[in-house]
Amino acid sequence: MDELQKTLHELSSLLERLPGVSVVSTHCTSSYVDVTLRILAIESIGPIAYAAQGANVGFNLWSEAPGRPLSTQGDPALVRYSISAKNSVVDGADALDHIQSLGVYIAWFLQGTGILNDVEANRVLDLWNGLKPSALA
């Protein structure tokens, strides 16, 4: 398993620790990464949006309901959220760097809320060269 696949596996595991979040699919090339999510708990949208902004990755949503009966268009189970990262000419970071940065933000949130214990959080933060929360205080 290459580094990008390992990162996607770790990131998926972290994201799925958030309430109501499941990873629907991942797609990657050497210059682009896309992670598609289903989020059924509204309280999980904020931390992901904050992490995406901090990591400079896209966070978009769309519905799979069009073409179905109108009554299904309000079903949150049919909404998909996409996290996308690409190589950047501006800062020289590649898609992998951005996705790992997203993972660091998610790990900080999970650790800060007690969903992830210190040992698990530190393992991921070490893997992605993330600062420990104590170093941020």
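The values are calculated or read from the model by the stated rules, or taken from the named source; none is laboratory data. What you see is a predicted model, and the numbers here were worked out from it, not measured in a lab. These area figures cover heavy atoms from the full protein model, side chains too; ligands, DNA and RNA do not enter into them. Shrake-Rupley method; radii C 1.70, N 1.55, O 1.52, S 1.80 Å.
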Checklist entry - Could you give the distance between the Cα centres of segment 20-50 and segment 61-132, to the whole Å? => result 5 Å
Checklist outcome for this item: Averaged per residue, the 1.4 Å probe accessible area of the chain, protein heavy atoms only, in Å², is roughly 55 Å²
Checklist entry - How much solvent-accessible surface does Trp108 expose, in Å² to the nearest 10, with a 1.4 Å probe and all protein chains in place? => result 60 Å²
Checklist outcome for this item: Within the set Ile39, Ile83, Ile115, GNM on the chain using Cα springs under 10 Å gives the largest fluctuation to Ile115
Checklist outcome for this item: Heavy-atom accessible area of the chain with neighbours in place, 1.4 angstrom probe: carbon+sulfur share in percent works out to 54 percent
Checklist entry - Which of (1) 14.8; (2) 19.1; (3) 15.5 is the computed Kirkwood radius over Cα pairs in Å for the structure on display? => result (3)
Next on the checklist: Looking at the chain as a GNM with Cα springs under 10 Å, which of Pro47, Pro69, Pro19 has the largest mean-square fluctuation?
Outcome noted: Pro69
